[in-house]
1. P(r) of region 1-71 in 5 Å steps, Cα pairs, percent per bin?
2. Is region 45-102 best put as rounded, prolate or oblate by its Cα gyration tensor, with a ≥ b ≥ c the root eigenvalues, rounded for a/c under 1.5, and otherwise prolate when a/b is larger than b/c, oblate when not?
3. Enumerate the whole-percent occupancy of each 10 Å bin, from 0 to the last occupied one, for all C-alpha pair distances of region 97-146.
4. Report the Cα-based extents of the chain along its three principal axes, largest first, to the nearest Å.
5. Can you give the calculated 222 nm mean residue ellipticity of the chain, where each DSSP H run of n ≥ 4 adds -39,500 (n - 2.57) and the sum is split over every residue, rounded to the nearest 500 deg cm²/dmol?
6. On a 0 to 90 degree scale, rounded to 10, what angle separates helix 118-150 from the longest Cα axis of the chain?
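Every number here is computed from the coordinates shown, using simple stated rules; none is lab data. Computed from a predicted structure; not experimentally measured.
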Amino acid sequence: MAEYAFLTTWLLESPRQAVWEALHDQSRWPGWWRGVEEAEELSRPPDGSDVGTVARMVWKSLLPYRVEFEVTTTRVERPHLLEGHAVGELEGTGRWRLYEQDGVTAVLYEWNVRTTKPWMNLFAPLLRPAFEWNHDWVMARGGEGIAALLGCRLLATD
């Protein structure tokens, strides 16, 4: 399997709590994040806690393929950390970290995954730059989308 390690940063002129609420509510992502086709909560622990919640995600960018996976929430520290483990066509760990200073929230997203689709693994040596570009494109759309949702400025994205 091909492995990838991504780090994305958004700087948003918004309070951390508002950013947290938008990121925490994954089911609403398709409404504001271009590239997220589906985000559906499949199950939640009986006690209603976030840890153990399972969501199904389907992503697509400009490239002609989709990836589908399920994410189980493994760690939540409101309002500054959200972590999950993905299984499916992408497998690994995603971690959101939020920091606020002077009304600006820095969002750092770590996505350490491996592909499980045979064709992606077969062509990974050749297509790795395209897969990395694809990830960056989707994440940039997320930064733009959350800024529009919150009515704030996106000061930087990387």
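1. Each 5 Å bin holds this share of Cα pairs: 3, 12, 17, 24, 21, 15, 6, 1, 0.
2. Judged from the Cα gyration tensor, region 45-102 comes out oblate (a/c at least 1.5, b/c at or above a/b).
3. 20, 40, 25, 12, 3
4. Each principal axis gives a Cα extent; for the chain these are 46, 39, 24 Å.
5. -9500 deg cm²/dmol
6. With rounding to tens, the tilt is 20 degrees.
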